[in-house]
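The values are calculated or read from the model by the stated rules, or taken from the named source; none is laboratory data. Since we're looking at a predicted model, the values are computed, not measured. Backbone-built Cβ (ideal geometry, glycine too); neighbour counts: all protein chains shown. The accessibility values were calculated without ligands, DNA or RNA, using every heavy atom of the protein model including side chains. Shrake-Rupley method; radii C 1.70, N 1.55, O 1.52, S 1.80 Å.
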Amino acid sequence: MIKIGIIGVGTVGESVAQILEANRDIITARAGKEIVVKKGVVRNLSKPRNINIPLTTDADEVLDDPEIDIVVELMGGVEEPYRVVQKALQNGKAVVTANKALLAYHRYELQETAGDIPFEFEASVAGGIPIIKSLREGLSANHIESIKGIINGTANYILTKMMNEGVDFAPVLKEAQELGYAEADPTFDIGGFDAAHKLLILASIAYGIDAKPEDILIEGIEQITQDDISFAKEFGYTIKLLGIAKKVGECVELRVHPALVPQSEMIAKVDGVMNGISVIGDKVGETMYYGPGAGGNATASAVISDIIAIARGGKASPMLGFKRALESGLKLLNRDEIVSKYYLRLEVADKPGVLAAVSKVMGEQNISIETMLQKPGKDGKATLLLATHICKESAMQEAINKLQTIESVKERPVMIRMES
């Protein structure tokens, strides 16, 4: 028998306990041992919960219990979970976590502490999709050339509704909150931070690179309007919030931002709250992973798969999939060195000479314009939409800074990168 303690019995923790009970026979058959929740840790004992396990408010009752083999950390947050998980590992207990923020900041310290103690975290990225196992094990014979993923269901739901139904950002966000897809404070999801945490975990497994969220380019979807949607549709694109990791020479490029993606790409067809991740290996080529990225049962499914893997025994593999640094010498690419095609939206005065002034600024930065549209507005204003050929991020940012100094440009230009 394997005994576990769940620290943080919220939506996912309840689902873990419920699935272990409901599917006890099949889980026991697959694990080779019965798995029992000995105790759960909560903040509020008086809150009603649809589970039948002993509860406490003291995490040390789990961490110091010699009968508990596996600690399942589902608290949320960073520093307190870090303390809890470190103590669990120091006490020789295996750990399973779904906490992407914890791993975004402390994955390498935890790998050092864990050593040969099993530490699993499949549920931290893309919910029920087994992307961690795929990268760490299934694709372990490959150099990973790139990872491109829709790894936040809230943002994907909002963008899908905006694309398919012509609805503006604010009412779709409100609907997502009413449906429970978005939090009361949605900044973490719509601002790209949740996706960035997940991307850093994947990049560590693929490239062995140690970066923090503050080190990488992160942009959200708050500024996207129906003008951007119209342009995307007219030229055969859809708009998705992407997490992108790819090897560029001796560097690794890491970024999270909305992107115009050709409608013909597989990842462009991932809609609603679903997640999709494209991984390109040097030997296998492109593989695609699709499924529910969040929700109690989907995330609990991944948590329990990790518990079963530990219960089966055998020597623990390194937490991040390697015992020594991968791809020796790789470093994080400076965001100014990113190259891409770009889309710009400018609110301008509707008068002669504006197009020439905009073109002049772009030309001074050696940026070539591929496509341009002008949409009439109100009160003597117009909306100018343009797409560029490939150029450097530094050149585009300089062009944006100069464009907003032109008297006829009424607001700071909105930029979206274009992926193909």
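Remark: relative contact order (the chain) = 17 percent; criterion is Cα-Cα distance under 8 angstrom and separation of 6 or more residues.
Across segment 14-31, coupling constants 3J(HN,Hα) worked out from phi with the 6.51/-1.76/1.60 Karplus curve, θ = phi - 60°, read 4, 4, 4, 5, 5, 5, 4, 7, 5, 10, 3, 5, 5, 5, 4, 4, 7, 7 Hz, and Gly and Pro carry x.
When the Cα atoms of segment 1-53 are aligned to their principal axes, the ranges along those axes come out at 35, 17, 15 Å in descending order.
The alpha-carbon positions of segment 367-411 define a convex hull whose volume is 69 Å³ per residue.
Distance distribution note for segment 1-110: the fraction of Cα pairs above 17 angstrom is 52%. Label-to-label distance, Met1 versus Glu411, with points set 7 angstrom from Cα along the beta-carbon direction: 6.3 nm.
Helices in the chain, meaning DSSP H runs of at least 4 residues, each add -39500 (n - 2.57). Divided by all residues, the mean residue ellipticity at 222 nm is -10000 deg cm²/dmol.
Under the convention that each Lys and Arg Cβ holds +1 and each Asp and Glu Cβ holds -1, the size of the dipole of the chain around its Cα centre is about 540 debye. Computed 3J(HN,Hα) for segment 367-378, one whole-Hz value per residue from the Karplus formula 6.51 cos²θ - 1.76 cosθ + 1.60 where θ = phi - 60°, is 9, 9, 7, 8, 9, 9, 10, 10, 10, x, x, 10, glycine and proline marked x. Each Lys or Arg adds one and each Asp or Glu subtracts one; over the other residues with Cβ under 10 Å from the Cβ of Glu122, this totals 0. Please report how many Lys pairs in segment 1-113 have alpha carbons closer than 23 angstrom, counting only residues at least 8 apart along the chain or sitting on separate chains. Close lysine pairs under the 23 Å cut-off: 13.
Which residues does the label zone of Lys381 cover in segment 402-420, counting backbone N under 18 Å from a point 7 Å along Cα→Cβ? Flagged as within label range: 403-415.
What net charge do the residues around Asn23 carry, taking every other residue with its C-beta under 13 Å from that of Asn23, with Lys and Arg at +1 and Asp and Glu at -1? Overall, the nearby charge balance is -1. Remark: spin-label model distance Ser359-Ile26 equals 6.4 nm, labels positioned 7 Å along the Cα→Cβ axis.
Only Cα sites of the chain enter the Debye sum here, all with the same form factor; the resulting log10 I(q)/I(0) across q = 0.07, 0.12, 0.13 1/Å is -0.38, -0.97, -1.10, listed in q order.
Summary value for segment 36-173: 14 percent relative contact order, contacts being C-alpha pairs under 8 angstrom separated by 6+ residues.
Surface composition of segment 348-420: carbon and sulfur atoms hold 48% of the protein heavy-atom accessible area at a 1.4 Å probe. Calculated FRET efficiency, Ser46 to Thr371, Cβ-Cβ distance, R0 = 56 Å: about 0.40 to the nearest 0.05. Checking every one of the GluC sites (Glu not before Pro) in segment 32-130 against DSSP loop status and a limit of 15 other Cβ atoms within 10 Å picks out Glu34, Glu67.
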